[in-house]
Structure formats: C-alpha cells, structure tokens
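The values are calculated or read from the model by the stated rules, or taken from the named source; none is laboratory data. Bear in mind the structure is a predicted one, so any value in this text is a computation, not a measurement. Ideal geometry is used to build each Cβ from the backbone, glycine not excepted, and the neighbour counts take in all protein chains shown. Quick note on the areas: whole protein, heavy atoms, side chains included, nothing else; ligands and nucleic acids left out. Shrake-Rupley method; radii C 1.70, N 1.55, O 1.52, S 1.80 Å.
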Amino acid sequence: LSNQVFLLLEWLQSVQATMVLSVIFSVLSLFLFFCQLFTLTKGGRFYITGFFQILAGLCVMSAAAIYTVRHSEWHVNTGYSYGFAYILAWVAFPLALLSGIIYVILRKRE
C-alpha cells in the first residue's frame with residue numbers, strides 16, 4: 001500500500017511541478033516583454049518573450065495531460081469530476097500558445 005501511495009504522489013508532484021514551471025515561465029515572459037519593450041530596436045520581434053510564453057503553454061499542456069491519464073487512479077470508484085481547475089488548465093493551454101505566437105509575430109513600433 002505504501003508503494004502505491006508513493007507512486008500516487010510521484011505523478012501528482014510532476015503535475016504540480018509542471019504547473020509551477022508554467023507560472024514561472026509566464027511571469028518571466030512578462031518581465032522579458034517589458035525589458036524588450038525598452039531595449040529592442042525598431043522593427044525587432046519579441047522572440048525571447050514568445051519562446052518563454054510557448055514554454056509556459058507546453059508546461060500547462062503536459063500537466064493537464066498527465067492529470068488526465070492518471071485521474072482515474074486517484075479517484076477510484078468515486079463520483080468526483082475533474083473540477084474547474086482542470087477545465088481552466090485546458091483553456092489556458094491554447095491561450096498561452098496563442099499569446100506566445102503573437103509575441104513572436106509582434107514587431108516593435110515607434
């Protein structure tokens with residue numbers, strides 16, 4: 001039984017770690033955007049900002065995918081649903097990717 005609990009905590013901790021990484025990459029992307037806003041030359045693109053935002057989106061996707069696969073192991077024979085945070089993660093994934101792509105396409109103007 002204790003081995004099963006350890007395995008349970010292992011995947012759950014990986015979900016938590018990837019979500020924390022996602023938040024870190026997203027905040028880093030915001031700070032890099034402000035830094036690049038003042039240092040980037042006219043016509044330059046926000047590649048670094050977009051890269052970190054896309055990484056944030058991929059981390060959200062990884063966490064939600066791991067949670068989707070392992071959810072049935074956690075709530076065995078119960079009536080629990082996925083919950084609002086799960087839905088929010090799947091909504092945040094395409095939005096983070098979209099904002100990362102927009103950052104890459106975006107050019108600095110005067």
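Residues of the range 90-110 that are more than 16 Å from Arg45 (Cα to Cα) and either in contact (Cβ under 8 Å) with a residue 12 or more places away in the chain or not β-branched (Val, Ile, Thr) (or both): Trp90, Ala92, Phe93, Pro94, Leu95, Ala96, Leu97. Residues that are over 16 Å from the mean Cα position of the chain (by Cα) and open to solvent by 40 Å² or more (accessible area, probe 1.4 Å) were ranked within the range 63-73; the one that is modelled with the highest pLDDT is Val69. Within the range 49-65, the set of residues being more than 14 Å from Val104 (Cβ to Cβ) and either of a type in the set (Val, Ile, Thr) or not in a helix (DSSP H, G or I) (or both) comprises just one member, Val60. Taking the criterion of being over 27 Å from Trp90 (Cα atoms), touching a residue at least 40 places away in the same chain (Cβ under 8 Å) and either open to solvent by 20 Å² or more (accessible area, probe 1.4 Å) or of a type in the set (Asp, Glu) (or both), the residues of the range 37-62 that qualify are Leu37, Leu40, Thr41, Lys42, Gly43, Arg45.
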